[in-house]
Amino acid sequence: MSKSDEKDVDVSTTQEVVPALIAALYKANTEVVQPSEGPPVTVKCDPHLRLRRTLTPSSPIKGLKKYNEAQFMVEGSTGKRINLTFSALGNKFQMDAYVWGAEEHEAEQRMVTLHGISPGVSRTRWHALGHCIGKNMSKMRFVALDWHSIDRTDEHQEEFLTMLPKHIFSAPSASDEQELVEMYPEGRREWAKGFFHQIRQSCPRTTKEGAVVLRAVIQSGLDWGTAEKPFYLGVKSWSGGIGVAMLSEAARQGDSFRENISGAVIMHPAFFLGEEDCRYAVENIPTLLCWAKDDPLVPYKLSSRFLVHDQVKFVSYEKGGHANFDGSNSLPNFDDEILTWLHGYV
């Protein structure tokens, strides 16, 4: 470059530009999220950002398009935020979690939970339960994973960009689809067909891949699932699907990880992969199952696939749809059932 050309170059420095960018990012403390039902909701969020995810261009593979990417940490949680590192699907990742109750070295019981697909409405589903357990069950360590915070470690890879819940879903096989569609009320069957088609077209990762990641988070990130550290699992909706897949595959393998799962709490799991897998998932472990008869997203009739032994306790609600059932909106608080159920085993 000649000296005459240099005179025309914009010599703005990062010191002049970056402060304004940082200020803008710090003020970006809201997300507009789309719940499974109803209009979009504006959520105020902690301005602590994962800058790597924020500054990395999004993947062109969007997954289920109605769901936004989540870039913020959860605001207002009473849990202590920790970071977990683990390896899965050939890469290293990190994920945040929120913790209540006993410190790891003092814990005598453990429970890990995971939210539904929404980046906002369902993301804190288990936090109130964690807060309650922290106050009333001093020997339990309660962990709520925050899958939407999934990120890469300092080892470079971009796979984390297609690892959000909206990317991970499996539709039924062609031979099973009609049976599942007919489980929906007649007015929802065309919707179900369209939903399964969208999953096949848009989701780059399968429910069973999600199950591999969930197991890695528990085994490598938390170091649980051993004879010294058995745990209870709590999952809802989308995570119910990957939780069922994880439980089923572990049962098929007959390995020690499955032997060290003390029990499972499963809320209306979005699992469409087969009746036998549902049976294997809950076989020989205490299970607390929750479903509403008017659920428009995961059909109530699917619950019959899990009612296979006497240790499956089924909590059935007449109304409430696919709600969190956390006591809000005049609906029942399923947490009360969970606490009673846990007290019967711990």
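The values are calculated or read from the model by the stated rules, or taken from the named source; none is laboratory data. What you are looking at is a predicted structure, and each value in this text was computed from that prediction instead of being measured. We place every Cβ from the backbone using ideal geometry, glycine too, and count neighbours over all the protein chains shown.
Residue 273 meets each of the listed conditions (1) part of a loop (DSSP other than H, G, I, E, B); (2) in contact with a helix residue (DSSP H, G or I) (Cβ under 7 Å, 6 or more places away or on another chain); (3) under 28 Å from residue 128 (Cβ atoms); (4) of a type in the set (A, V, I, L, M) apart from (3).
Condition check: closer than 25 Å to residue 152 by Cβ, at pLDDT 80 or above and of a type in the set (Phe, Trp, Tyr). Does residue 98 satisfy that? Answer is yes for this residue. Residue 264 - would you say it is touching a residue at least 24 places away in the same chain (Cβ under 8 Å), part of a strand (DSSP E or B), crowded, with 20+ Cβ neighbours inside 10 Å and among the hydrophobic types (A, V, I, L, M, F, W, C)? For residue 264, the condition - touching a residue at least 24 places away in the same chain (Cβ under 8 Å), part of a strand (DSSP E or B), crowded, with 20+ Cβ neighbours inside 10 Å and among the hydrophobic types (A, V, I, L, M, F, W, C) - is met. Condition test on residue 217, is it assigned to a strand (DSSP E or B) and surrounded by 19 or more Cβ atoms within 10 Å (Cβ to Cβ)? The answer is no for residue 217. If the condition is being free of Cβ contacts under 8 Å to residues at least 60 places away in the same chain and within 18 Å of residue 298 (Cα to Cα), then the stretch 196-214 contributes 197, 200, 206.
Matching residues to (1) buried (at least 17 other Cβ atoms within 10 Å of the Cβ); (2) within 20 Å of residue 69 (Cα to Cα); (3) in contact with a Cys (Cβ under 7 Å, 6 or more places away or on another chain):
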residue: 150; (1), (2), (3): yes, yes, no
residue: 155; (1), (2), (3): no, no, no
residue: 158; (1), (2), (3): no, yes, no
residue: 180; (1), (2), (3): yes, no, no
residue: 189; (1), (2), (3): no, no, no
residue: 199; (1), (2), (3): yes, yes, no
residue: 207; (1), (2), (3): yes, yes, no
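Filtered by the rule that a residue be basic (Lys, Arg) and crowded, with 19+ Cβ neighbours inside 10 Å, the stretch 300-338 gives a lone residue, 305.
Being in contact (Cβ under 8 Å) with a residue 60 or more places away in the chain and polar (S, T, N, Q) is the filter; apply it to the stretch 220-246 and report the residue that is surrounded by the fewest Cβ atoms within 10 Å (Cβ to Cβ). Filtering first and then ranking leaves 220.
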